[in-house]
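*Asks:* Below are the structure tokens for one structure; questions will follow.
Values quoted throughout were computed directly from the atomic coordinates according to the rules given, and no laboratory measurement underlies them. Since we're looking at a predicted model, the values are computed, not measured. Every residue, glycine among them, receives a Cβ derived from its backbone with ideal geometry; neighbour counts consider all protein chains shown.
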């Protein structure tokens, strides 16, 4: 047994970031994920640095612990193959618009008829009971729709996107959580079900818990937007030789910091007496912090603040994070040998488990690397698999390489 989801069979019809991140989280927990791709492959196979076509950095990090099966679902044979596989699958995860799934004959009703125990999870742009139901969606669009660029603008000027695929990954986490909950419900009741995880609503839930703020009340009590989060001075603090992340937050933190800074009298100032008053005067405090931290080195401040039990940490860059002593000791970044891509730096599984410990079982797959094996595991005979490959409804990477070698012989 490797991971708490060992034995759960997932057919993954997703591509790009959101869906593959959801299936990555499930695969890391032990689920057997069959990544069903078209002959063109997942779009992220071409995103970022690479040693070989189709095996980019982004793809490698999103698709370990999965196996790749190429099926052309627009062909009768390819479509029939995935429908047959659904009979023994536990989960179907897709990121296509529902009308597209219906055109493929893979609506929830159709899949439920094949396997009433299946968990059918769609992660797509918008809830299907609203006017945006059929719109396409990507991370940038959802950030814009929820107002994230405007929140960023209150900090730094023109509207701007967060510098990571935050909507895709947050919604991917939500999809993985929803599937796990649906599996738990099935364990109790024996019933499968459809779960829809729309990006717009899910990301709005993530963002607006902070930023509905004064609009929480009807009529509003003040403006929208969590003031502390949007203050332009909420940023790492410059020291004499670098930058420092600090969160002086509780009453105790502030009393201790005022003493360290040589201004114990500030603890009795009513503007800073409790979290409500400090939030209202956060701009004054941020300016005070910036001036204070500029007087010592990063190492000095880390030592002083740690001794005072005030949360602080040296700011890393992506390259210095690789050498962070904590990350080194916990083994988060690992060097591994990929069968085709050579030596790679990979990301560890963050959680620690006392039982059912998850692990990395498969490196990110080449396109169609496991087609033959997966079809066999789902009950297809050798002749049936050969027919699928010969018709073009399926594709096997090694077979194609062998055919290319044969054609190249003089």
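*Asks:* State, as an integer percentage, the relative contact order of segment 200-310 based on alpha-carbon contacts under 8 Å between residues 6 or more apart.
*Replies:* Result for segment 200-310 is 26 percent.
*Asks:* Please give the helix 251-260 orientation as an angle from the longest Cα principal axis of the chain, in degrees from 0 to 90, rounded to the nearest 10.
*Replies:* For helix 251-260, the angle is close to 60 degrees.
*Asks:* Against the longest alpha carbon principal axis of the chain, how many degrees, from 0 to 90 and to the nearest 10, is the axis of helix 166-189 turned?
*Replies:* Around 60 degrees separate the two axes.
*Asks:* Now a separate question. Any idea what Rg and Dmax come out to for segment 237-314 if you just take the C-alpha atoms, in Å?
*Replies:* Cα-based Rg and Dmax for segment 237-314 come out at 11.8, 34 Å.
*Asks:* For the chain, set up a Gaussian network in which alpha carbons nearer than 10 Å are linked by springs, and say which option among 236, 219, 358 fluctuates the most.
*Replies:* 219
*Asks:* What do you get for the angle between helix 76-86 and the principal long axis of the chain? Use alpha-carbon atoms, 0 to 90 degrees, nearest ten.
*Replies:* 60
*Asks:* Can you give me the relative contact order of segment 284-410 as a percent, contacts being Cα pairs under 8 Å and 6 or more apart?
*Replies:* 11
*Asks:* Can you give me the Cα centroid spacing of segment 19-67 and segment 155-211 in angstrom?
*Replies:* Each part's Cα centre sits 20 Å from the other's.
*Asks:* OK, next. I need the peptides 319-331, 372-384 ranked by packing, meaning the mean over residues of other C-beta atoms within 10 angstrom, with the highest value on top.
*Replies:* 372-384, 319-331
*Asks:* Rounded to the nearest 500, what is the 222 nm mean residue ellipticity of the chain from helices alone, with -39500 (n - 2.57) per DSSP H run of 4+ residues and division by all residues?
*Replies:* Value at 222 nm, helices only: -12500 deg cm²/dmol.
*Asks:* What percent does the relative contact order of the chain come to when contacts are Cα pairs within less than 8 Å and at least six residues apart?
*Replies:* 20
*Asks:* Select from 284, 70, 47 the residue whose mean-square fluctuation is largest in a Gaussian network model of the chain (Cα-Cα springs shorter than 10 Å).
*Replies:* Highest fluctuation of the listed residues: 284.
*Asks:* State the Cα centre-to-centre distance between segment 237-312 and segment 101-123 in whole Å.
*Replies:* 55
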